[in-house]
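Novice: Have a look at this one before I ask anything.
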Amino acid sequence: PTTLVAPVAAQDAPRIDDFDNAKEISALPFDRTVDVKRATRADDDPSCRESGHTVWFKFTPNADMRLIARVRGKKTPAIVSVWTGERGALTAVKCNDYRPIVEAEAGTTYYFMVTLNNGTGNLVFNVDGYQPPTNDDFDNATVIPGLPFTDTLDTRGATTASDEPGTCGNKNSVWYAITPTASQLIVLDTNGSSYGTQIGVFTGSRDALTLVGCGGNQGFRFDATAGVTYYIQVVSGDGGGDLVFNAVGHLPAPNDDFDNATTITSLPFSDTLDTAAATVAPDDPTDCAGTNVHTVWYALT
C-alpha cells in the first residue's frame with residue numbers, strides 16, 4: 001500500500017524577527033527564549049558591522065536606570081546592539097556587545113537588536129534593570145554612625161556625577177561620610193566584594209574637596225582628626241556588583257607615648273593591646289637599625 005505523507009510547511013520566522021514586531025518588555029528582570037532557526041535580516045536593519053539574522057526587543061523605562069542585556073545559549077552565538085529612534089532613523093547607543101550596559105533615561109524607548117551568528121537553536125535573551133543606590137550621589141552619602149561599620153550594597157545601578165572627583169577614579173561611585181569624635185586611625189576596605197574597587201577619602205565640600213588619599217583592592221588607612229568630616233568615595237568600576245564596605249577605627253594605645261608608659265607593678269606580667277594606631281613621637285629613640293618606628297612603652301623598676 002502507498003502511504004501518503006503531507007508536505008511539511010516551512011517554519012515561519014519568529015514573530016519578533018522584524019523591527020516593527022519587536023517584543024515589548026513590560027517588566028524587569030526579563031527572560032525570553034526564542035527559536036531563531038528561521039530568523040531573517042531585513043534590508044533596512046541597522047548595522048554596527050553585523051551581518052547576521054536578527055530578532056528584536058524593546059523597553060521603555062519609567063525611571064532612569066542602568067540596563068544590562070545578555071544572550072545565553074552556546075549553540076546560538078549572538079551579539080546585541082542597542083538603538084533609539086524609529087525605523088529608518090535609528091541612533092546607536094551600544095554596538096556589537098555581548099553584554100551591553102546602557103544608562104537609560106525614563107520615557108525613552110530602547111531597541112535591542114540581537115544579531116545571530118549561524119545560530120541553530122534557541123537563544124535566551126535577558127535584560128536586568130538597576131536603579132542608583134541611595135548613596136549614589138555625594139549629597140546623599142551614607143553617614144557612618146560609629147566604628148566598626150559594615151555595609152552591603154548592590155552597585156550595578158551606580159552612576160557618575162558630572163562633578164565627581166576623578167583623582168581616585170570616578171566611574172560609578174557611591175559615597176560614605178564619617179565625623180569621628182576622637183582622633184584615630186581609620187582602616188577602610190572592600191573585602192568580600194564581587195569586583196575590584198578604588199577608595200578615595202576627601203575633606204571639604206562638594207565643589208571644593210581636598211584629597212586625603214586613595215587606595216585600591218587592599219584598602220586604605222588614614223589618620224582621622226576628631227570633629228573633621230571625611231567623605232569616602234568607593235568607585236565600583238564599569239558594571240559594579242555586590243559591594244561589601246568595611247570601616248574600622250583604631251584609637252592610639254594608652255601607652256603610645258613615653259610619658260604614658262604602662263607601669264609593670266609585678267612579675268610575671270602580660271598585656272594585650274591594639275597597636276594598629278601606634279605613633280612615632282618626634283623624640284622617640286630609633287631602633288637598633290637607626291629607624292624611627294611606631295612604638296608603645298612600658299616601665300619596670
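We did not get these values from a lab; they are worked out from the coordinates using the rules stated. On a predicted model such as this, the values are computed, not experimentally measured, just so you know. A quick note on method: Cβ atoms are made from the backbone with ideal geometry, for glycine too, and the neighbour counts reach across all protein chains shown.
Novice: Length gain on complete extension for the stretch ASN117 to THR272, per 0.36 nm per residue less the alpha carbon to alpha carbon distance?
Specialist: In short, 49.3 nm is gained.
Novice: 7 Å from Cα along Cα→Cβ at both ASP283 and THR150: what's the point-to-point distance in nm?
Specialist: Using points 7 Å along Cα→Cβ, the separation is 4.4 nm.
Novice: Suppose a student asked you for the relative contact order of the stretch 79-133, using Cα pairs under 8 Å spaced at least 6 residues apart; what percent would you report?
Specialist: 35 percent
Novice: Express in whole angstrom the spacing between the alpha-carbon centres of the stretch 214-282 and the stretch 43-103.
Specialist: What the calculation gives is 48 Å, centre to centre.
Novice: Each residue of the stretch 173-178 in turn: what ³J(HN,Hα) in whole Hz from Karplus with 6.51, -1.76, 1.60 and θ = phi - 60°, glycine and Pro shown as x?
Specialist: 10, 10, 10, 10, 9, 9
Novice: Pull the list of the chain cysteines that no other Cys approaches to under 4.7 Å, Cβ to Cβ.
Specialist: CYS288
Novice: Identify, among GLY157, PRO133, PRO100, the residue whose Cα sits farthest towards the positive end of the charge dipole of the stretch 88-160, taking +1 on the Cβ of Lys and Arg and -1 on the Cβ of Asp and Glu, with the dipole about the Cα centre.
Specialist: Sorting the options by dipole projection puts first PRO100.
Novice: If you average over every viewing direction, what projected area does the convex hull of the Cα atoms of the chain give, in nm²?
Specialist: Reported value for the Cα convex hull: 28.5 nm².
Novice: Now for a separate question. Percent relative contact order of the chain, based on C-alpha pairs within less than 8 angstrom and at least six residues apart?
Specialist: For the chain, the relative contact order is 14 percent.
Novice: A further question on this structure: Please figure out what share of the DSSP beta bridges in the chain is antiparallel and state it in percent, rounded to the nearest 5.
Specialist: Antiparallel: roughly 90 percent of the beta bridges in the chain.
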